[in-house]
1. With r as the distance between the Cβ atoms of Glu23 and Thr95 and R0 = 41 Å, compute the FRET efficiency 1/(1 + (r/R0)^6) and round to 0.05.
2. Dividing the alpha-carbon radius of gyration of region 1-110 by 2.2 N^0.38 Å (N being the number of residues), what value is obtained?
3. What percent does the relative contact order of region 1-112 come to when contacts are Cα pairs within less than 8 Å and at least six residues apart?
Amino acid sequence: RTLPDLAFIIDREGVYREICGAEKQLLYAPREQVIGRNAAEVLPAETSELILGVIRNTLDSGLPQVVEYELEVTPGPRVFEGRSAVLEAEEGPPTAITILVRDVTDRRRYARRVRLRPRVPTSTQAASTDGRRPPSAARVLVAFGGLTRDEHGALWVAGEDADAVLRIDPETLV
């Protein structure tokens, strides 16, 4: 069975020892051109410096690291999140890490679109602050952190298209 994400084994010097995963179109270069080569030889300078830092920090601290970076790959520009862990050696101190890399482009695009925006309370909203339970759509938004009030009691809804997705009038939420 194959991994849906990419997994790399990289040694302390930054040399790629193994690559696993089904998403070959997300590789910066073909597998054959990566295995046995240093990250600085394969990746753009800024990205390779970031990856080499993750390798050092993971091996020196023994703790997992998380890194996010952008690369231009076959499908176009993508945002990746890498999570590293020490790969224990059979003898002696660890000399390599494994890093699981996930394409988070869609998640990042969505996060950029979602932003808090103010809603001025209407008389209907003001009346609902008397302790009555909000409508079920509002409870859903509250449960997912999409509806909140600021310190002045003003209602905020997350995401410009929340009203369209829920097919409700935002003025009736609370």
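What follows draws every value from the coordinates through simple rules; no lab data is involved. All of these numbers come straight from a predicted model, not from anything done at the bench. Cβ placement follows ideal geometry from the backbone for every residue including glycine, while neighbour counts extend to all protein chains displayed.
1. Working: r = 27 Å, r/R0 = 0.66.
With R0 = 41 Å, the Cβ-Cβ based efficiency is 0.95.
2. Details: Rg = 13.4 Å, N = 110, 2.2 N^0.38 = 13.1 Å.
For region 1-110, the normalised Cα radius of gyration comes out at 1.02.
3. On the way: 218 pairs, mean separation 29.3, N = 112.
Worked out over region 1-112, it gives 26 percent.
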